[in-house]
1. Select, from ALA344, ALA352, ALA324, the only residue that is in a strand (DSSP E or B) and surrounded by fewer than 16 Cβ atoms within 10 Å (Cβ to Cβ).
2. If you check every pair at least six apart or on different chains, which have Cβ atoms under 6 Å apart with a residue in region 9-24 that is free of Cβ contacts under 8 Å to residues at least 40 places away in the same chain and not assigned by TED's automatic domain parsing to the domain that holds THR191 first and a residue that is in a strand (DSSP E or B) and basic (Lys, Arg) second?
3. What pairs come out if I take residues in region 377-401 that are surrounded by fewer than 24 Cβ atoms within 10 Å (Cβ to Cβ) and pair them with residues that are of a type in the set (Val, Ile, Thr) and in a helix (DSSP H, G or I) whose C-beta lies under 9 Å away, six or more apart or interchain?
4. Select from region 332-341 the residues that are in a strand (DSSP E or B) and of a type in the set (Gly, Ala, Ser) and list them in ascending order.
5. Output the residues belonging to region 196-220 that are more than 25 Å from ALA165 (Cβ to Cβ) and touching a Leu at 6+ places or on another chain (Cβ under 6 Å).
6. Tell me, which residue of region 165-190 that is aliphatic (A, V, I, L, M) and not in a strand (DSSP E or B) is surrounded by the most Cβ atoms within 10 Å (Cβ to Cβ)?
7. Looking only at residues that are β-branched (Val, Ile, Thr) and surrounded by fewer than 13 Cβ atoms within 10 Å (Cβ to Cβ) in region 327-341, which one is farthest from GLY308 (Cα to Cα)?
8. So for region 398-405 (the condition being assigned to a helix (DSSP H, G or I), over 16 Å from GLU310 (Cβ atoms), among the hydrophobic types (A, V, I, L, M, F, W, C) and assigned by TED's automatic domain parsing to the domain that holds ALA334), does at least one residue qualify?
Amino acid sequence: MAKTQSRFACQQCGAVYPKWAGRCEACGAWNSLVEEVPRATAPKGLGQGAGTRGGRPLDFVGLRGAADSPPRRKTGIGEIDRVCGGGLVAGSAILVGGDPGIGKSTLLLQVAAALAGQGGAAAYITGEEAIDQVRLRAERLGIAGRPVRLAAAGSVRDIVASLDAAGAPDFVVIDSIQTMYLDTLDSAPGTVSQVRGAAQELIGLAKSRGFVLVLVGHVTKEGLIAGPRVLEHMVDTVLYFEGERGHHFRILRAVKNRFGASDEIGVFEMSDRGLVEVANPSALFLADRADAGDESAGAVAGSAVFAGIEGTRPLLVEIQALVAPALLGTPRRAVVGWDSTRLAMILAVLDARCGLSVGANDIYLNVAGGLRIVEPAADLAVAAALVSALTEVPVPADTVVFGEIGLSGRVRPVGHAEPRLKEAAKLGFAEAWAPAQRAARHVEGLKTKPVAHLSELVARLAPAPRRHPAAGMAVAR
């Protein structure tokens, strides 16, 4: 009998090596190779020379089915339904990731309780906590009376035996997939083979039985789902739970969704009773600003309100910038909530196309509230905040800004201009600095000032000359 050879698998990308090395050649990660012992024999019918013997021909069907697709199941939590594309789809697999302590377990326990309260059968299986710990959280959230099936287990064999039976629940939460293990594999829980094998068994069962499966996944220090990226390809929906510990709200973002729009977000507010959905996120992100209609307050240099789009939802958020003289030889760049490379591009355009020497200063850029913006339509708002901080001329408090900046300095049109303007008008803003777009319609109560080139924005925020009180000479402020 041949001796079973051990192998070393990368915990980041899943690459396999015959011996240990400090660095994975496939993905470049350091100290990510872990020893794993493969199975001694291949599964029956999959060994060499098996060919097509024992196989069953596939039954091909047409694209159009005779029966209507089952309706989506509403959770009763509007933000969850929005992120999932209008509700949960039977037989779907959802992967939820987020930093430790961000509120993943709290949110999913609330979803299970909401479905159980509607008469559905929901199960919560934890591999990280004891039963009493989950019960304490349920008591704090006020949902201890909901008929949620609770269990603490780590063996996939036991979980499959419990779910593949009559009267199985139609909504199952596995918290977390890194704590599950297959007894047919010799590697430790959390390794690449265990995570991939356990997820494959559970997802296959969910597809065959038709229940909704939610897998909680750990994240690395880079913010990605721990384990091989193949795990994200195996599921139907990937949700990331984001938020800063210093802020009281959380954002659930869909980065992949086979049943709805990707990049959709749901906004929740953390309270002593758990996570509460936020119906108007724009008002929450702008809560620290003065009222837009109050011209005597809220006009602070280095601040601009960006009218953005997250998925299908218009969202207004404040962008703050601070420009200070560099005390050291190398200017510092600190960016929170935006792409630092795109900031460097805007600084270069301001220097080369508008004649503003901004790059020699320390630059601090922050998206208020901890929201992360990824769309290029925020270029103009970032530039407005930077120029305002440099000239100390505030952007009017009742003005929103959006537009994409090209390397030539021209402001390019962006999509979904009308929903952005309507959201701004609804919140009381009176003016919008935006690129000239042919498809944009006039929004009642909102005046649009088109910006064709970045130099026009710089001219609007240039300091006005004032006259010297004694000599009557015009001096720069």
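The values are calculated or read from the model by the stated rules, or taken from the named source; none is laboratory data. As the structure is a prediction and not an experimental result, all values here were calculated from the model. When we count neighbours, we look across all protein chains shown, and the Cβ atoms used for this are built from the backbone with ideal geometry, even at glycine.
1. Going through ALA344, ALA352, ALA324 in turn, the sole match is ALA324.
2. Pairs found: VAL16/ARG7.
3. Listed by first residue and then by second, the contacts come to THR391/VAL458; VAL393/VAL387.
4. Residues of region 332-341 that are in a strand (DSSP E or B), as a first pass: 333-336.
Within region 332-341, just ALA334 meets the criteria.
5. Once the filter is applied, which keeps residues that are more than 25 Å from ALA165 (Cβ to Cβ) and touching a Leu at 6+ places or on another chain (Cβ under 6 Å), region 196-220 yields only GLY217.
6. Going through the qualifying residues, I end up with ILE177.
7. Step one: of region 327-341, the residues β-branched (Val, Ile, Thr) are 330, 335-336, 341.
Still in the running and surrounded by fewer than 13 Cβ atoms within 10 Å (Cβ to Cβ): 330, 341.
On the way: THR330: 33, THR341: 19 Å.
Per the criteria, the residue is THR330.
8. So far as region 398-405 goes, no, none of its residues is assigned to a helix (DSSP H, G or I), over 16 Å from GLU310 (Cβ atoms), among the hydrophobic types (A, V, I, L, M, F, W, C) and assigned by TED's automatic domain parsing to the domain that holds ALA334.
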